[in-house]
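Undergrad: The structure under discussion is supplied below as structure tokens; questions concerning it will follow.
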Amino acid sequence: MARAQLAFRFTFLDVTDGQMDSDGARAGSLPPMRSATQEVLVQDVWAQRHLRTLRQGQHATVMGPTAPSRGSVGHPTLCNRPCIFIARQRHCQKGLACGSCHHKHNDPKLDKKQRHLMSTMPREELLGLLADLLRERAEQGGIRDVSFVVAVLSVQAGLLPGGLQTKSRKLHNLRQVLQRKNFSSILSMAADRCQGRSKAVMLQELRALQQNANP
């Protein structure tokens, strides 16, 4: 018997046994294909990544036994923001179900001037800065498969017209603080400033990276 294969076809995933048969048979719960000759397509990076994940046998939820909470997976690079109850009371009633990180964090906080700068500087400049920081943090943390999310962010940033409008000293000071944040925090910050479906796509990619991370 030929080895089963996974194929991405027009937003559906087919399991094929060897070669596709002539009538393009699908699972009974899915609608039939409109044409028996339609080719199997993998048209974008997300489809390729999702297909590769399925082929590797990775599941939708992965949390090792050493992770103190669901939000701690991937610490210190890909974990969620720290749990306020752990920080204040050293105890969280949600335990393993908590979506925040239960490990100790030393993330820097933006001051009032830096927060004002981020809210008033051109959106393209900020997204370009965050894209650069994501590349750096991914390299430092050994995070793979980040080209898609960086590409989405770069598209959102667009082409900067004629040069930076924000003073270099202010950008330098802001960068000094932001580059000390982890990959997850920078990506979430960037996603909040994206438009359209890009925000949901970036957060979905972050969850995929977290699910594949070692706790």
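Undergrad: Among the numbered conditions (1) in a helix (DSSP H, G or I); (2) over 14 Å from the mean Cα position of the chain (by Cα); (3) charged (D, E, K, R), tell me where residue 207 comes up short.
TA: Looking at each condition in turn, residue 207 falls short on (2).
So that you can scan it fast, the table gives a plain yes or no per residue for (1) farther than 17 Å from residue 77 by Cβ; (2) surrounded by 15 or more Cβ atoms within 10 Å (Cβ to Cβ); (3) touching a helix residue (DSSP H, G or I) at 6+ places or on another chain (Cβ under 6 Å); (4) not assigned by TED's automatic domain parsing to the domain that holds residue 124:
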{"site": "137", "(1), (2), (3), (4)": "no, yes, yes, no"}
{"site": "145", "(1), (2), (3), (4)": "no, yes, no, no"}
{"site": "169", "(1), (2), (3), (4)": "yes, no, no, no"}
{"site": "174", "(1), (2), (3), (4)": "yes, yes, yes, no"}
{"site": "195", "(1), (2), (3), (4)": "yes, no, no, no"}
{"site": "202", "(1), (2), (3), (4)": "no, yes, yes, no"}
{"site": "208", "(1), (2), (3), (4)": "no, yes, no, no"}
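Undergrad: If you don't mind, another one. More than 11 Å from the chain's Cα centre (by Cα), surrounded by 19 or more Cβ atoms within 10 Å (Cβ to Cβ) and assigned to a loop (DSSP other than H, G, I, E, B): is that true of residue 213 in this structure? Let's see the steps before the verdict.
TA: Numbers: more than 11 Å from the chain's Cα centre (by Cα): yes; surrounded by 19 or more Cβ atoms within 10 Å (Cβ to Cβ): yes; assigned to a loop (DSSP other than H, G, I, E, B): yes.
Yes: the conditions hold for residue 213.
The values are calculated or read from the model by the stated rules, or taken from the named source; none is laboratory data. Nothing here was measured: the structure is a model prediction, and the numbers come from that model. Positions of Cβ are generated from backbone atoms using ideal geometry, with glycine treated the same way; all protein chains shown enter the neighbour counts.
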